[in-house]
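S.K.: What follows is a single structure, and I will ask about it in a moment.
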Amino acid sequence: MQKWVVANWKMNGSKNLLNEYKKSFKNHKKLIVCLPSIYLGEPSGLILSAQNIHQQLKGAYTGEISASMLVEFGVKYCLVGHSERRQHFHETNSDVRAKAETCLEANITPIICIGETLEQYEANQTTEVLERQLAECLPSRSGFWIAYEPVWAIGTGKTPTTDEISEVHLMLREKLPNTILLYGGSVNGDNAATIFAIPNVDGALVGGASLDVAAVAVILKHAR
Ligand code: PEP
């Protein structure tokens, strides 16, 4: 089955890049693009995701964006708990859960990001860290996706071994049999085929490589 590709531009990109995406990937059925929020209102023919959301539906939260606003612009997905949000904006597991609940109430699919730090990886704590994140981040109802993103693999060019990804995804599949499971962390045109071939990997969350349309095209080719 064709794998999902979720492109996370982070705070990168431009109108030009959006135009390139429209030309190359308009109406693609398995590519989801996490745009900076200012671009989400542009008609694009792409499946759109936000990169963050506020847990409240409205109110005095200057600078924030609500689920109902995303829905108005046809946004179907939202990243929740990306490690950069946890690191730079101090989001906790309980914030992540609240945001995921808000998304589901609004009919937006939350893509909940979990993953261990390098220190936790080196201390062999991956499983226990992920289990705690699942216990504390998952909303009460189904309909969410999970992205396993080892923090030490994001933007570093390093990835876990295929056995390590396979072990984590098997654990996730056993706990969440009907949930879409993505792997994220330094996925690119060179390693995408290997990662997509790992059992229980339903797709990839791609950061840096998503800024290069040619690299996205190669990743999408391997996703077929
Ligand atoms: C990400 O932004 O979630 C990510 C995985 O980034 P990169 O592909 O650059 O490691």
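S.K.: Find the residue count for the stretch 113-169, including only residues that are surrounded by 13 or more Cβ atoms within 10 Å (Cβ to Cβ) and of a type in the set (Asp, Glu).
M.R.: So the count comes out to 6.
S.K.: A follow-up question, please. Just wondering, is there one or more residues in the stretch 131-139 that are at pLDDT 95 or above, over 23 Å from Val5 (Cα atoms), of a type outside the set (Phe, Trp, Tyr) and not in a helix (DSSP H, G or I)?
M.R.: Checked against the condition, which is being at pLDDT 95 or above, over 23 Å from Val5 (Cα atoms), of a type outside the set (Phe, Trp, Tyr) and not in a helix (DSSP H, G or I), the stretch 131-139 yields at least one hit.
S.K.: If a residue must be under 20 Å from Ile112 (Cβ atoms) and crowded, with 21+ Cβ neighbours inside 10 Å, how many such residues does the stretch 10-39 contain?
M.R.: Selection size over the stretch 10-39: 5.
S.K.: Moving on to the next point. Which count do you get for residues in the stretch 19-44 that are at pLDDT 95 or above, among the small types (Gly, Ala, Ser) and part of a loop (DSSP other than H, G, I, E, B)?
M.R.: Final tally of qualifying residues: 0.
S.K.: Name the residues in the stretch 1-34 that are touching an Asp or Glu at 6+ places or on another chain (Cβ under 9 Å) and closer than 29 Å to Ala197 by Cβ, would you?
M.R.: Met1, Lys3, Trp4, Lys10 - these are the residues of the stretch 1-34 that are touching an Asp or Glu at 6+ places or on another chain (Cβ under 9 Å) and closer than 29 Å to Ala197 by Cβ.
S.K.: For the stretch 15-36, which positions are away from the ligand (no atom under 16 Å from the Cβ) and touching a helix residue (DSSP H, G or I) at 6+ places or on another chain (Cβ under 9 Å)? I'd like the intermediate steps shown before the answer.
M.R.: Let us first name the residues in the stretch 15-36 that are away from the ligand (no atom under 16 Å from the Cβ), namely 15-16, 18-30.
Passing the criteria: Lys15, Leu18, Glu20, Tyr21, Lys23, Ser24, Phe25, His28, Lys30.
S.K.: Moving on. Please enumerate the residues belonging to the stretch 158-212 that are among the hydrophobic types (A, V, I, L, M, F, W, C) and farther than 24 Å from Ser24 by Cα. Can you show your working first?
M.R.: In the first step, residues of the stretch 158-212 are kept if they are among the hydrophobic types (A, V, I, L, M, F, W, C); the result is 165, 168, 170-172, 176, 180-182, 187, 192-193, 195-198, 201, 204-206, 209, 211.
Answer for the stretch 158-212, where residues must be among the hydrophobic types (A, V, I, L, M, F, W, C) and farther than 24 Å from Ser24 by Cα: Ile165, Val168, Leu170, Met171, Leu172, Leu176, Ile180, Leu181, Ala197, Ile198, Val201.
S.K.: Here's another thing I want to ask about it. Ala193 is checked against (1) in contact with a His (Cβ under 7 Å, 6 or more places away or on another chain); (2) part of a helix (DSSP H, G or I); (3) within 15 Å of the ligand (Cβ to nearest atom); (4) of a type outside the set (Lys, Arg) and fails just one. What number does that condition carry?
M.R.: Every condition holds for Ala193 apart from (3).
S.K.: When only residues in the stretch 187-224 that are charged (D, E, K, R) and out of contact with any strand residue (DSSP E or B) (no Cβ under 8 Å at 6 or more places or on another chain) count, which is surrounded by the most Cβ atoms within 10 Å (Cβ to Cβ)? Talk me through it step by step, then tell me what you get.
M.R.: Going through the stretch 187-224, the residues charged (D, E, K, R) turn out to be 190, 202, 212, 221, 224.
After this cut, where a residue has to be out of contact with any strand residue (DSSP E or B) (no Cβ under 8 Å at 6 or more places or on another chain) as well, the list is 190, 212, 221, 224.
Values: Asp190: 12, Asp212: 15, Lys221: 11, Arg224: 9.
Among those that are charged (D, E, K, R) and out of contact with any strand residue (DSSP E or B) (no Cβ under 8 Å at 6 or more places or on another chain), it is Asp212.
S.K.: Suppose the filter is more than 23 Å from Gln51 (Cα to Cα), of a type in the set (Lys, Arg) and away from the ligand (no atom under 16 Å from the Cβ); does Arg141 pass it? Steps first, please.
M.R.: Working: more than 23 Å from Gln51 (Cα to Cα): no; of a type in the set (Lys, Arg): yes; away from the ligand (no atom under 16 Å from the Cβ): yes.
For Arg141, the condition - more than 23 Å from Gln51 (Cα to Cα), of a type in the set (Lys, Arg) and away from the ligand (no atom under 16 Å from the Cβ) - is not met.
S.K.: Restricting the search to the stretch 56-93, which residues are within 16 Å of the ligand (Cβ to nearest atom), outside any loop (DSSP other than H, G, I, E, B) and not aromatic (Phe, Trp, Tyr)? Before the answer, list the steps.
M.R.: Step one: of the stretch 56-93, the residues within 16 Å of the ligand (Cβ to nearest atom) are 77-89, 91.
Then drop every residue that is not outside any loop (DSSP other than H, G, I, E, B), which leaves 77-80, 83-89.
Residues satisfying the conditions are Cys78, Leu79, Val80, Ser83, Glu84, Arg85, Arg86, Gln87, His88.
The values are calculated or read from the model by the stated rules, or taken from the named source; none is laboratory data. Model, not experiment: these values are computed from the prediction. Please note: Cβ atoms are built from the backbone with ideal geometry, for glycine as well, and neighbour counts cover all protein chains shown.
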